[in-house]
Each structure stands twice: as C-alpha cells, then as structure tokens.
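This report concerns only the one structure given below.
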Amino acid sequence: MNRPRETCRFRALMKLAAAALVLLTGLLTAYAQSAFGKLELTRLFGTDYVLLTDWARACHCQVLWSRGNEEVQLTNPWSRLVFTVDSQKTTINGVVVHLSAPVAARHGALFISLLDLQTALHPVLFPPKNTVRVPILSVCLDPGHGGKDPGNQEGRRKEKEYTLLLAREVREVLTDAGLMVTLTRNGDSFVPLPDRPEIAGRQEADLFVSLHFNASLAEKNQVQGAEVYCLTPAGANSTHARGDPADAGAFAGNKFDSKNMLLAYQIQKAMVRNLAVEDRGVKRARFAVLRNAPVPAVLVEAGFMSHPAESKKIFSADYRRQLAQAVADGILAYKRLVER
C-alpha cells in the first residue's frame with residue numbers, strides 16, 4: 001500500500017475542490033448582484049417587497065409552492081430555503097433565520113421584503129468578501145456579565161462564571177488556529193456594556209463575539225436551545241419587538257449588517273450541527289454591545305441554564321469544550337468565506 005501517495009493525492013483533490021467552490025461562489029455572487037438591481041419593487045405594509053419568483057429566477061432557484069399552501073421551498077443544486085407565508089421564520093440550508101418582515105402572499109403571488117434580501121438572504125447565500133483581501137487576524141471575545149452583574153442564576157451557579165469559562169475555551173481553539181484573541185474581561189470584573197465593544201476597537205480586533213447563556217422564567221422544562229443575535233437593520237423591528245415604535249433607528253454597527261448576519265449564521269450553523277442543540281435561530285436585536293460595535297459583531301446565547309438537562313451540559317467541562325469548538329468553527333468558517 002502506498003498511503004503517503006494516496007494522502008497527497010487526496011489533499012490535492014481537496015484543494016482543487018475548495019478552489020472550485022470559491023470560484024463558483026464568486027461567480028454566483030456576481031450574477032446575483034447584477035440581477036439584484038433589476039427586481040421590481042412593490043409596496044406592502046409600508047415596506048418595499050419584490051416578487052419571490054423574480055428573485056428566485058435570478059438565483060437559479062426552483063420555487064415549490066401551491067396556492068393555499070403555507071410552506072414555500074426554493075431549491076437549487078447548492079441551497080434549500082424554506083419559507084412560511086405570513087411568517088418571519090425561515091430556514092436556509094437547514095438553519096433557522098428570523099427575517100425582518102414576513103413573506104407575503106397577494107393575489108396568488110409571493111413577495112419577500114427587499115431589506116431581507118439585502119441583509120439576511122444575500123449575505124448568507126452570497127457571502128460578502130473583505131476588500132483587497134484584508135485577512136481576519138484578531139477576535140475580541142466578550143464573556144457576558146461579571147463583577148456585580150451575575151447574569152442568570154441557577155442555584156449557586158452564575159452565568160458570569162460560565163461565560164468566562166467558555167470564552168477561555170474559545171480563545172484556546174482560535175489561538176491554536178493562528179488568531180490573536182482578546183477578552184473584554186479575564187476575571188470576575190464588571191465591564192459596562194458600552195465599554196465592551198470599545199475594547200474591541202482599542203485592541204484593533206476584526207470581530208466581536210459576546211458570549212451568554214439564556215434562561216426562561218416560565219416553562220423551564222421546555223425552553224432550550226441556542227440562538228445568535230446580530231444587530232437589527234435600520235428601519236426594521238427586532239425579532240422580539242412586536243412592532244414597538246421605540247425599537248427603530250440606525251446605529252454605527254449597521255454598516256456591518258451583511259457581515260453581522262454572515263457571522264451569526266455561521267456560528268449558529270456550527271452549534272446546531274456540531275452539538276445537535278435545538279435551533280432557535282439567527283435573530284435580530286439592538287443590544288447595547290451590538291449597536292456601536294466598530295467591527296462585525298454578534299451575541300451568542302449558547303443554551304438555557306434554566307432547562308434541567310441543558311444546564312447539566314453547560315456546567316460540564318467536556319460539553320463546554322465541544323461548545324467552544326463549535327463557536328470557534330463558526331468564526332473560522334466566516335473567516336474563510338470573507339477572505340476567499
């Protein structure tokens with residue numbers, strides 16, 4: 001057996017496949033962007049919409065939908081999207097993403113908001129590239145809470161302790177991958193929310209990832225899973241705002257809308273696929289640590305401390321190592337896509 005030669009041949013084939021994928025992604029991105037400006041706008045609910053079939057045609061997607069059916073599928077050789085009429089919840093290649101506006105059916109036709117195409121679907125399906133091939137070199141990890149702010153509590157266990165443990169594990173994985181990693185706190189100290197993204201700026205980080213664990217006051221035995229938040233686009237309502245007029249406005253972090261979404265999606269995908277956790281999806285919020293982030297930023301809710309079974313995992317060092325690997329995998333996947 002000539003295993004070294006077979007190994008070299010396999011690696012060469014993998015490199016060719018990766019190069020082909022990068023080329024295909026670039027061609028599809030260019031094609032989709034050229035077709036994007038030709039879509040006809042329709043005003044619904046005070047928002048610009050486009051015909052879903054027009055956009056699908058531009059992306060070489062087949063639409064599977066019959067009038068009266070709530071579920072809509074768009075498929076092509078490399079992607080599968082599932083929408084629900086009158087819902088903001090969709091799945092992109094098996095990962096849940098919450099849109100800013102619902103998919104609408106009018107007079108036998110389907111419509112999707114232009115804002116969602118620009119800030120949700122296109123960033124995931126046609127990832128934005130860094131200009132002049134600027135590499136991702138440094139990541140700022142933000143262990144949620146700390147000091148006088150314990151975060152969620154289950155008995156004597158405090159969220160602030162486990163976010164710091166997780167951040168250290170993620171740092172180790174990313175450092176091994178060749179990235180520089182800074183933490184907004186490396187001990188039990190209180191860091192005001194506005195200061196956290198500022199630390200990322202001072203450290204000249206390329207990404208900001210805030211790490212948290214969730215809790216539910218009601219239905220503790222039912223509510224579980226992981227979710228990742230990115231900043232709500234200007235003019236849209238956050239996922240849980242329910243039409244609150246106070247939830248609006250533009251912030252400095254909105255200039256990274258596309259990359260915020262791509263980073264959130266890649267981390268959510270890695271957690272769902274690596275850990276088989278319940279997929280609560282990529283969501284939008286105007287959290288203080290996201291609003292004025294000087295770089296692409298997300299907030300990760302990595303599980304529910306209030307759920308009996310999930311909390312046992314969170315408190316387990318072995319599981320946290322797996323979780324850290326998943327978060328790091330998502331960050332590294334983002335890095336590969338924007339650097340291509």
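We did not get these values from a lab; they are worked out from the coordinates using the rules stated. Keep in mind that what you see is a predicted model, and the values were worked out from it rather than measured. Cβ: placed from backbone, ideal geometry, glycine included. Neighbour counts: every protein chain shown.
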By how many nm would the segment from A241 to Q222 lengthen if fully extended, with 0.36 nm per residue of separation less the alpha-carbon distance?
4.6 nm
Mean-square fluctuation maximum in Gaussian network of the chain, Cα pairs under 10 Å, restricted to Y229, Y162, Y265, hits Y162
With N set to the number of residues, divide the alpha-carbon radius of gyration of the chain by 2.2 N^0.38 Å and report two decimals.
1.03
Going by amide H atoms built from the backbone, whose H comes under 5 Å of the H on E278, apart from near neighbours?
G225, A226
Among V295, V96, V63, determine the one that fluctuates most according to a GNM of the chain built with springs between C-alpha atoms less than 10 Å apart.
V63
Can you work out ³J(HN,Hα) from phi for every residue in segment 217-223, in order, using Karplus 6.51 cos²θ - 1.76 cosθ + 1.60 and θ = phi - 60°, giving whole Hz and x for Gly and Pro?
6, 10, 6, 4, 7, 10, 7
Which of M305, M180, M271 moves most in a GNM of the chain, Cα contacts under 10 Å?
M180
Square roots of 5 times each gyration tensor eigenvalue, C-alpha, segment 36-125, largest first, Å:
17, 15, 14
For the chain, what is the percent of antiparallel DSSP beta bridges, rounded to the nearest 5?
60 percent
By the mean-Cβ-within-10 Å protection proxy, highest first, 165-174, 70-79 rank as 165-174, 70-79
Taking Cα atoms only, Rg over Rh for segment 224-310 with Rh from the Kirkwood formula is 1.00
Ordered by fewest other Cβ atoms within 10 Å, a rough proxy for footprinting exposure, H240, H212, H60 read H240, H60, H212
The FRET efficiency for R43 and L64, from their Cβ-Cβ distance with R0 = 35 Å and rounded to 0.05, is 0.85
In nm, the gap between the two label points placed 7 Å beyond Cα toward Cβ at A288 and N76 is 4.3 nm
Under 18 Å from a label point 7 Å along Cα→Cβ of R57: give me every residue in segment 107-139 with its amide N that close.
107-114
Please work out the Cα convex hull volume for segment 98-216 and give it in Å³ per residue.
164 Å³
Can you give me the Cα centroid spacing of segment 126-159 and segment 203-225 in angstrom?
10 Å
Cα-projected label distance for D176 with L193, points at 7 Å along beta-carbon direction, nm
3.5 nm
Protection proxy ranking of 117-129, 316-328 - average other beta-carbon atoms within 10 Å, highest first
117-129, 316-328
In which sequence would D86, D116 go, from the one with the fewest C-beta neighbours within 10 Å to the one with the most?
D86, D116
Only helices at least 30 Å long along their own axis, judged from Cα atoms, and with Kyte-Doolittle mean hydropathy of 0.5 or greater: name those in the chain from DSSP H.
3-36
